[in-house]
Amino acid sequence: MTRRPFQFILALLVTLWLAGCGFHLRGSTNLAFSTLAVQGPGGPLLIDLKRQIASTTTTRIANDPKQAQAIFTLLSDSPTQTAVAYNANGTVAQYQLRETVSFQLATPAGQMLIAPTTISQTSSLSYSTSATLAKANEADLLYRGMRQDIVNRIMFQLSTVKRAPMPAAPASAP
């Protein structure tokens, strides 16, 4: 009988602590444009970015760049794996994984909203020849995590863009 009030009080304390520390669930991101064209070399990063935009914003992905208010262009996406340490036998003991992404955001008229920008993420992967498959799976998970971090950073960049000024209409001659 005394266990139930204790659980309630504990749950209440945890809730108050979370509220007091500033914790809140990730809400939606407001973008300055209602339609966005996403283009570039296909791949998992673009798929993840489109999913993030669709699930956390009210912005609609446009298939035709001419019908979008802004055009996101993925200029490059290059994951690399570099050996950084070797063991006494001369085999690789550690890799550095790096994902480097370049992108830009422009209006259909060509006005740059975000100039070409490069974002990189790195991670270390210890390696053992006795666990090759496990290390390959670990590398895949690390790349996915880095890609998600990059998508979050791109979303932050997109959320800081202010609405592009409308071009001034030419003055009509009397």
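The values are calculated or read from the model by the stated rules, or taken from the named source; none is laboratory data. What you are looking at is a predicted structure, and each value in this text was computed from that prediction instead of being measured. Here the Cβ is made from the backbone with ideal geometry for all residues, glycine too, and neighbour counts use every protein chain on show.
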Subject >> Every residue from the range 14-57 that is under 14 Å from PHE156 (Cα atoms), at pLDDT 80 or above and of a type in the set (Gly, Ala, Ser) >> reply: ALA32
**OP:** Go through (1) surrounded by 11 or more Cβ atoms within 10 Å (Cβ to Cβ); (2) closer than 25 Å to ASN30 by Cβ; (3) of a type in the set (Gly, Ala, Ser) and name the single condition ALA109 misses.
**Re:** (1)
Subject >> Selection count where residues are in a loop (DSSP other than H, G, I, E, B) and in contact with a Pro (Cβ under 9 Å, 6 or more places away or on another chain), scope the range 89-147 >> reply: 3
**OP:** Working only within the range 111-131, note down all residues that are farther than 14 Å from ASP77 by Cα and among the aliphatic types (A, V, I, L, M).
**Re:** MET112, LEU113, ILE114, ALA115, LEU125, ALA131
**OP:** Tally the residues that are surrounded by fewer than 19 Cβ atoms within 10 Å (Cβ to Cβ) and not in a loop (DSSP other than H, G, I, E, B), restricting the search to the range 63-80.
**Re:** 9
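Do the conditions hold for LYS50, that is, is it within 21 Å of the chain's Cα centre (by Cα) and in a helix (DSSP H, G or I)? Before you say what the answer is, go through the steps one by one.
Numbers: within 21 Å of the chain's Cα centre (by Cα): yes; in a helix (DSSP H, G or I): yes.
Yes; evaluated as a whole, the condition is true for this residue.
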Original post:
Going through the range 148-164 one residue at a time, which ones are part of a loop (DSSP other than H, G, I, E, B), in contact (Cβ under 8 Å) with a residue 60 or more places away in the chain and out of contact with any strand residue (DSSP E or B) (no Cβ under 8 Å at 6 or more places or on another chain)?
Top reply: LYS162, ARG163
